[in-house]
Amino acid sequence: MTLYSSLTLWQLIATMCLPWSATAHFNCGTRDPSPFEQRLDQVRINHFKQSTEGRRLITDSCEELCVQCVEIDVYFHLSAVSVPTDNGSDQIIFPHPLESVDRLFAGDTTLTIEDFASLQGIYNLIDENMRVLNERYAGSPFVFTWRNSDPASASISTNGNLVQFIADTIFDESGVASELHTGDASVLNVYLTYRQCAISNQLDPDTGEPLLSCGLLGIAVFPSFQLANRNADGVYVNYSTLTGGGYVYQRVCNFALLRAE
């Protein structure tokens, strides 16, 4: 199926892209906690130590480190773009892999829906990352369980604010996280995006609006940050930065460009 049968190339790009700065820096989007937030986190740690679960974990750790005795539920939320087709229905497109998205922005009119990852393809990617995650934590007290691992229960959002996530909106109570967030603070919510941006100090010469610096690899939320929005906890990760997501290739290319400069 040709991608542009009912939606023009530039309409599709508009749903995935906002004005952004070409001088992007690839880093972590999580800001450092303030001294007050650090103290607040310490209070919470002390409170956990006095809880039944905390005392059990400390006792087990002192005698012999318990292995995988603390289970953490994980829910993945997927960003996608909804594209109308000839028969009047909508087709969901995941902004992955990078090669297909690059072809899209380059104006490649031969691009088809099949060039983008399917839901099963995304789930295979997540499954591999869950395997790696638990492998790395194998000797720790923690084990991570992917709770919405059935594609039939996939959490998918076509909200453009998740496809291109603006770090500065992470605590908006009406933000995309509030729509998708599952469980309480004991649950790990992971939001998969195409890219993540921060509002820069540079202005668009045509509109005067602030440009976006879209080089963030991921964002996580400290416990104390939840005071701003109880539904804002979680981790925001680009599809491409997952294991097998293609970011290594991108990193090498950017490193080569830096050396060339």
### Under Karplus coefficients 6.51, -1.76 and 1.60, residue-wise ³J(HN,Hα) of segment 105-116 in Hz, glycine/proline x
5, 7, x, 6, 7, 8, 5, 10, 4, 5, 6, 9
### Summary
Cα-based Debye curve of segment 146-225 sampled at q = 0.13 Å⁻¹ gives log₁₀ I(q)/I(0) of -0.50
### Query
Which order, highest average first, do 155-167, 104-116 follow once you tally other Cβ atoms within 10 Å for each residue and take the mean per peptide?
155-167, 104-116
#### Entry: Protection proxy ranking, peptides 126-132, 146-152, 78-84, average beta carbon neighbours within 10 Å, highest first
78-84, 126-132, 146-152
### Query
By per-residue mean of other Cβ atoms within 10 Å, what is the highest-first order of 182-190, 212-220?
212-220, 182-190
### Query
Using 7 Å Cα-to-Cβ label points, what is the residue 134/residue 51 separation (nm, one decimal)?
2.3 nm
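FYI, it's all coordinate maths here, none of it is from the lab. Computed from a predicted structure; not experimentally measured. Cβ atoms come from the backbone with ideal geometry, glycine included; neighbour counts cover every protein chain shown.
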